[in-house]
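Written below as structure tokens is the structure these notes are about.
The values are calculated or read from the model by the stated rules, or taken from the named source; none is laboratory data. None of these values were measured; they are calculated from a predicted model. Virtual Cβ from ideal backbone geometry, glycine too; neighbours counted across all protein chains shown. For the accessible areas, the whole protein counts, side chains as well, though only heavy atoms, and no ligand, DNA or RNA atoms are used. Shrake-Rupley method; radii C 1.70, N 1.55, O 1.52, S 1.80 Å.
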Amino acid sequence: MTKLRSGLAQLIWLVAALCALVLAVGALLVALDANRSNELVHFVLRAADTVDLGVFSRVDGIKQFRGEGADVKNALFNWGLGAIAWLVAGRILDRIVKP
């Protein structure tokens, strides 16, 4: 039972870290104004839109900036908070599940 709980805790942490990484890379791609017609860039941005869970959305997230550079600010702020939230939640769940 201990090995199962330990493995599950590692899986939870891995998923949370990967979701945080996707959000961070997505924010970086928006900030660098990456070519959105590129399939890899498009895939990462779609994945980031999925793992932001709507709460940390670029379009309708926690904080919405207006004016010049609003897209970049929205992505960096909201997806940055989302990445932090994934890491915190993953670590908390890891500690709860781990024996």
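Could you work out, for the chain, what percent of all Cα-Cα pairs fall into each 5 Å distance bin, beginning at 0 Å and stopping at the bin that holds the largest distance? Over the chain, the share of Cα pairs per 5 Å bin runs 2, 16, 21, 20, 15, 10, 8, 5, 3, 1, 0 percent.
If we count every other residue with Cβ under 13 angstrom of residue 55's Cβ, Lys/Arg +1 and Asp/Glu -1, where does the sum land? Net charge in that neighbourhood comes out at -1. Would you mind telling me the share, in percent, of accessible area of the range 50-99 contributed by carbon and sulfur at probe 1.4 angstrom? Exposed carbon and sulfur together represent 65 percent of the surface. Going 7 Å from the Cα of residue 15 along its beta-carbon direction, which residues of the range 63-99 have the amide nitrogen within less than 20 Å of the resulting point? Answer for the range 63-99: 82-99. Helix-only arithmetic for the chain: the sum of -39500 (n - 2.57) across DSSP H runs with n ≥ 4, divided by the residue total, places the mean residue ellipticity at 222 nm at -22000 deg cm²/dmol. Of all complete DSSP H helices in the chain, those with a Cα span along the helix axis of 20 Å or greater and a mean Kyte-Doolittle hydropathy of 1.0 or more are 2-31, 80-97.
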